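Novice: Shown below is the structure under consideration.
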Amino acid sequence: MTAAAPVLSDRHRPAFDAFMANRREPDKLSRLRREAFERFEALGWPTRQQEAWRFTDLSALQSLALQRAADAPVEAAALPTLDTAIHRLVFINGRFAPGLSKLTELPERTVIASLGQVLAADPQAVQNQLDQLPGLAQHPFTALNGTFWEDGAFIYLLPGAVLDHPIHIIFHATGGDTAVYPRLLVMLDDGARANIVVEYRGQGRYLQAPVVELSIDDGAVLEYHQLQEEAPQAFHLGGIKLQQGRDSQTQLHLMSFGGQLARTDLEVLLDGEHASCMLNGLTVGRDNQASNFYVRVDHAHPHGSSQQLFKSVLDDKARSVFDGIIHVRPHAQKTDARQNSRNLLLSKQALAQSNPRLEILADDVKCGHGSSTGFLDPNAEFYLRARGIPAAQARAMLVYAFANDSLNAIRLNPLRERLARLLAGRLALDSTEEDLTS
Amino acid sequence: MLEIRNLHATVEGREILNGIDLTVRAGEVHAIMGPNGSGKSTLANVIAGREGYVVTEGEVLFDGKNLLEMEPEIRACEGLFLAFQYPVEIPGVANLYFLKAAVNAVRKYRGESPVDAMDFWDLVHERMELVKMDESMLKRSVNEGFSGGEKKRNEIFQMAVLQPRFAVLDETDSGLDIDALRVVADGVNALRGPERGFLVITHYQRLLDYIVPDHVHVLVNGRIARSGGKELALELEEQGYALYNEEPGRARRAAA
């Protein structure tokens, strides 16, 4: 494997050459990497003069010379579990950790594996599927991921395959000023159904810049959960591309809790009639945390539906950005698209920004957006206190209530319960979890 | 039980209460009547400890303790209850959970362990019948989407569950039809007892047909203009506040 070469610095070209010198893979994959790298070189490092990066402060990240992460041992006990998940894929520093994973009892007509495993068994499958979805072409970190990715999760359900149990995928980074580029490729053929939980986490200082491709064919159903719980000093810059066929249904639950800077760019293409997509985002921030969601939903066909609710709860000097575009193409009549962003500020120094945008080129559609930002309602706080509930607990109850409907939209019980505990813990308002959830 | 002495209070710098003296003993029901803007609700809010109501003079003692030094939640834990004129909607907090949190907060203050789940359920059901509340309201968010009457019933229901020693009802009758009024009055009457005191604030005499007070006070321009027995309420019903009201609504006008 390569010696430590900077994979994110002003010396990109040597880093790329060093990285490529040691790779043994099909030519097509090398070509994809080269194209991605050229795209990154053309885009360059984002600046705040660019509209898409105006509100994302990358200076702290840019000042670091991040290295490729070496292999590092991680104890199984240090990783979260999900009761009902039978299938589990763990990646440490972006590389598959078979000893921490569990891939037994695989159902028929289903492939759940690491990209490396699939490459070894059926290289065509990876070559034909990777980087096939449109979108995020202008996103430099997606380009860097396309250049430097080493491994990832590969999930493929044949037509009609139904997975009863969630697939649990953990991307864990061990820090030490490293850059990690995880991959997730999900393909649901016609009528397939899957439930996926992805967790990003780690220790120390690092960058995780994942790329997720979700290809959901006609009539397929996906429930996707993403829990970003990176270490406090970490950076998370992710891209998600979602393409949906006719009559397909997806729910994406995007939970952002960790990192000093976290940003997820999501591009949704509703590429068939009656496709529906629900986006449920929640940011919980404190200290100097920044968390951004940049979302673009493209309605390309009639009768599509998209429902977005992005919430944030911000304490201290935390900041959040929600930037959402609904684009309705001229012939995408009968589109029903809703977008809502709601922000609760717990401190006068917290800042929530909301940039909802509609680009509607069809004339027979229902589209709407709304945005609200505010502090806790002092009348509600007084009401609770007037019944004997201490001030700190009253505030925690109100915050919890604000965030709770985001959690309630999650049908996967063990995950929802874990998130509820996480939320109660994060409120840090002198209340026990019992106070909030019983 | 509750002693108010020479109470002066301001809201946003304007004097609303202008020297109130009032003593309510355990077992008594006192009614405070008065025209709009006379300071009735200010008195209720000062007693409950709402922010923005500044006491400039005088004192309020609750069983001999200085009530005004206590945080609102401590007043509640000491046994004080305010039935709000405008109950607050709290989306996302279930009524039942809110009640349990309140009951347990009071128990914790008294050094007691959290309420047993079954005991709590029994108590809730018994009290629900008292105010003829539907069980579905327990699972709904606090006051969210409740009608005016449901909100007021919910206040009385909370009072019945929390069983305070002293309750202030701030215009609980306003906006209620006669059936809802009866339900609210029945709830209050069921809780009347030798250990408990009530201060019933109302603009209309009507409520006092159902909650018969021991004493009636007329509040005008932030001060008690007259006190008497329950017959005073009837007199007011006939003659209105004009007799007391040389400067009608002075406080309200000043605040506007």
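Bear in mind these aren't lab numbers, they're just calculated from the coordinates by the rules spelled out. Note that the coordinates shown come from a computational prediction; the quantities given were computed from them, not determined experimentally. Note that we place each Cβ from the backbone using ideal geometry, even for glycine, and neighbour counts take in every protein chain shown.
Novice: Take every Cα pair under 8 Å in chain B that's 6+ residues apart, average their separations, divide by the length, and report that relative contact order as a whole percent.
Specialist: 30
Novice: Given the DSSP H assignment, sum -39500 (n - 2.57) over each helix run of at least 4 residues in chain A and divide by its residue total; what's the result at 222 nm in deg cm²/dmol, nearest 500? Mind showing how you got there, number by number?
Specialist: Working: 10 runs with 100 residues, N = 438.
Helices in chain A give a 222 nm mean residue ellipticity of -6500 deg cm²/dmol.
Novice: Does anything in the range B:148-172 have its amide N under 20 Å from the 7 Å Cα→Cβ label point of residue B:210, and if so which residues?
Specialist: Inside the label zone: B:148-164, B:167-172.
Novice: Which of rounded, prolate or oblate describes chain A when judged by the alpha-carbon gyration tensor and an a/c cut-off of 1.5?
Specialist: Judged from the Cα gyration tensor, chain A comes out rounded (a/c under 1.5).
Novice: Just grab the label-to-label distance for residue A:13 and residue B:25, each label 7 Å out from Cα along the Cβ direction, in nm (one decimal).
Specialist: Distance between the two pseudo-spin positions: 9.8 nm.
Novice: When ranked by the protection proxy of mean other Cβ atoms within 10 Å per residue, highest first, what sequence do the peptides A:279-285, A:391-397, A:30-36, A:149-155 form? Can you show the working numbers first?
Specialist: Values: A:279-285: 25.3, A:391-397: 21.6, A:30-36: 16.0, A:149-155: 23.7.
Going by the mean number of other Cβ atoms within 10 Å, highest first, we get A:279-285, A:149-155, A:391-397, A:30-36.
Novice: Specify the angular offset, from 0 to 90 degrees and rounded to the nearest 10, of the alpha carbon long axis of helix A:12-21 from the longest principal axis of the alpha carbons in chain A.
Specialist: So the helix axis and the longest Cα principal axis differ by about 50 degrees.
Novice: Relative to the longest principal axis of the C-alpha atoms of chain B, give the angle of the C-alpha long axis of helix B:95-109, reported between 0 and 90° and rounded to the nearest 10°.
Specialist: 80
Novice: How high is the FRET efficiency from residue B:190 to residue A:164, r the C-beta distance, R0 60 Å, rounded to 0.05?
Specialist: Calculated value: 0.70.
Novice: Here is a further query. Evaluate the relative contact order of chain A (contact order divided by residue number), counting alpha-carbon pairs under 8 angstrom at least 6 apart; express in whole percent. Before the final figure, lay out each step's value.
Specialist: On the way: 1115 pairs, mean separation 39.3, N = 438.
So the answer I get is 9 percent.
Novice: From the backbone phi of the range B:58-65, what are the Karplus-calculated ³J(HN,Hα) couplings (6.51 cos²θ - 1.76 cosθ + 1.60, θ = phi - 60°) in whole Hz, Gly and Pro given as x?
Specialist: x, 8, 10, 10, 10, 6, x, 8
Novice: Between residue A:408 and residue A:22, what is the label-to-label distance in nm when each label sits 7 Å out along the Cα-to-Cβ direction?
Specialist: Those two pseudo-labels are separated by 5.2 nm.
Novice: For the range B:40-145, state what percent of all Cα-Cα pairs lands in each successive 5 Å bin, counting from 0 Å until the bin that includes the largest distance.
Specialist: 2, 10, 16, 20, 19, 15, 11, 5, 1, 0
Novice: Here is a follow-up. Note the direction-averaged projected area, equal to a quarter of the hull surface, for the Cα convex hull of chain B, in nm².
Specialist: In nm², the orientation-averaged hull projection of chain B is 13.3.
Novice: On to the next question. For the pair residue A:421 and residue A:35, how long in nm is the line joining their label points, each one 7 Å along Cα→Cβ?
Specialist: About 4.5 nm separates the two model spin labels.
Novice: Rounded, prolate or oblate: pick one for the range A:228-311, where a ≥ b ≥ c are the square roots of the eigenvalues of its C-alpha gyration tensor, a/c under 1.5 means rounded, and failing that, prolate if a/b is larger than b/c, else oblate. Intermediate results must be reported in sequence, preceding the final value.
Specialist: Details: a/c = 3.35, a/b = 2.68, b/c = 1.25.
Prolate, because a/c is 1.5 or more and a/b exceeds b/c.
Novice: Roughly what angle does helix A:27-43 make with the longest principal axis of chain A, taking Cα atoms, 0 to 90 degrees, to the nearest 10?
Specialist: For helix A:27-43, the angle is close to 50 degrees.
Novice: Could you pull out every one of the lysines with an alpha carbon less than 30 Å from that of residue A:317, ignoring same-chain neighbours closer than 8 positions?
Specialist: Output for residue A:317: A:348.
Novice: Additional query: Could you state the principal axis extents of the C-alpha atoms in the range B:85-182, from the largest down, to the nearest angstrom?
Specialist: For the range B:85-182, the Cα spread along each principal axis is 40, 28, 23 Å.
Novice: Turning to a different aspect of this structure: At what distance in angstrom do the alpha carbon centres of the range A:71-138 and the range B:1-43 lie from each other?
Specialist: 70
Novice: Residue-wise, which Karplus ³J(HN,Hα) couplings in Hz belong to the range B:137-148, taking 6.51 cos²θ - 1.76 cosθ + 1.60, θ = phi - 60°, and x for glycine or proline?
Specialist: In residue order, the calculated couplings are 5, 5, 8, 6, 5, 3, 6, 6, x, 6, 6, x Hz.
Novice: Taking amide H atoms as placed 1.01 Å from N in the peptide plane, list the residues 5 or more away in sequence, or in a different chain, whose amide H sits under 5 Å from that of residue A:199.
Specialist: When sequence neighbours closer than 5 places are left aside, the close amide H contacts are A:169, A:170, A:171, A:227.
Novice: Right, another one. Can you quote the Å³ per residue value for the convex hull of the Cα atoms in the range B:1-49, rounded to an integer?
Specialist: Each residue corresponds to 77 Å³ of Cα convex hull volume.
Novice: While we're looking at this one, here's another question. For the pair residue A:76 and residue A:338, what calculated FRET efficiency results from E = 1/(1 + (r/R0)^6), where r is the Cβ-Cβ distance and R0 = 45 Å, to the nearest 0.05?
Specialist: The formula returns an efficiency of 0.60 here.
Novice: If you don't mind, another one. In whole angstrom, how far apart do the alpha carbon centroids of the range B:155-171 and the range A:344-396 sit?
Specialist: Result: 30 Å between the Cα centres.
Novice: Still on this model: Can you order the peptides A:45-51, B:10-16 by their average number of other Cβ atoms within 10 Å per residue, highest first?
Specialist: B:10-16, A:45-51
Novice: Would you mind telling me which residue in B:93, B:168, B:184 has the biggest mean-square fluctuation in a Gaussian network model of chain B, where springs connect alpha carbons within a distance under 10 angstrom?
Specialist: B:93
Novice: For a Förster distance of 51 Å, can you work out the FRET efficiency between the beta-carbons of residue A:364 and residue B:71, rounded to the nearest 0.05?
Specialist: Once rounded, the FRET efficiency stands at 0.35.
Novice: Can you pull the mean other chain C-beta count within 10 Å for peptide B:64-72?
Specialist: The per-residue average across the peptide is 2.
Novice: Go through the range A:375-391 residue by residue and turn each phi into a ³J(HN,Hα) via Karplus (6.51, -1.76, 1.60, θ = phi - 60°); whole Hz please, and just put x for glycine and proline.
Specialist: With the stated coefficients, the range A:375-391 comes to 8, 4, 6, x, 5, 5, 4, 5, 4, 5, 5, 5, 9, x, 7, x, 3 Hz.
Novice: Just checking the output field for B:89-100: average partner chain Cβ neighbours within 10 Å of each residue's Cβ?
Specialist: 5
Novice: Among B:51-57, A:379-385, how do they line up from the highest to the lowest mean number of other beta-carbon atoms within 10 Å?
Specialist: Averaged packing, sorted descending, gives the order A:379-385, B:51-57.
Novice: Percent relative contact order of the range A:12-272, based on C-alpha pairs within less than 8 angstrom and at least six residues apart?
Specialist: RCO, the range A:12-272: 16 percent.
Novice: Please tell me which of these pairs span more than 30 angstrom C-alpha to C-alpha: A:241/B:139; B:100/B:152; A:241/A:334; A:366/B:139; A:334/B:151; B:40/B:230?
Specialist: A:241/B:139; A:366/B:139; A:334/B:151
Novice: From the Cα gyration tensor of the range A:59-136, with a ≥ b ≥ c the square roots of its eigenvalues, which class applies: rounded if a/c is under 1.5, or else prolate if a/b is larger than b/c, or else oblate?
Specialist: On the way: a/c = 1.99, a/b = 1.18, b/c = 1.69.
Because a/c hits 1.5 or more and a/b fails to exceed b/c, the range A:59-136 counts as oblate.
Novice: Something else now. What would the Debye equation give as log₁₀ I(q)/I(0) for the range A:12-272 at q = 0.09, 0.10, 0.15 Å⁻¹, counting only Cα atoms as equal point scatterers?
Specialist: Per q value, in the given order, log10 I(q)/I(0) is -0.37, -0.46, -1.11.
Novice: Can you list residues whose amide H is under 5 Å from residue B:26's amide H, if they're 5+ apart or on another chain and H is modeled 1.01 Å from N?
Specialist: Excluding prolines and chain starts, which carry no amide H, there are no hits.
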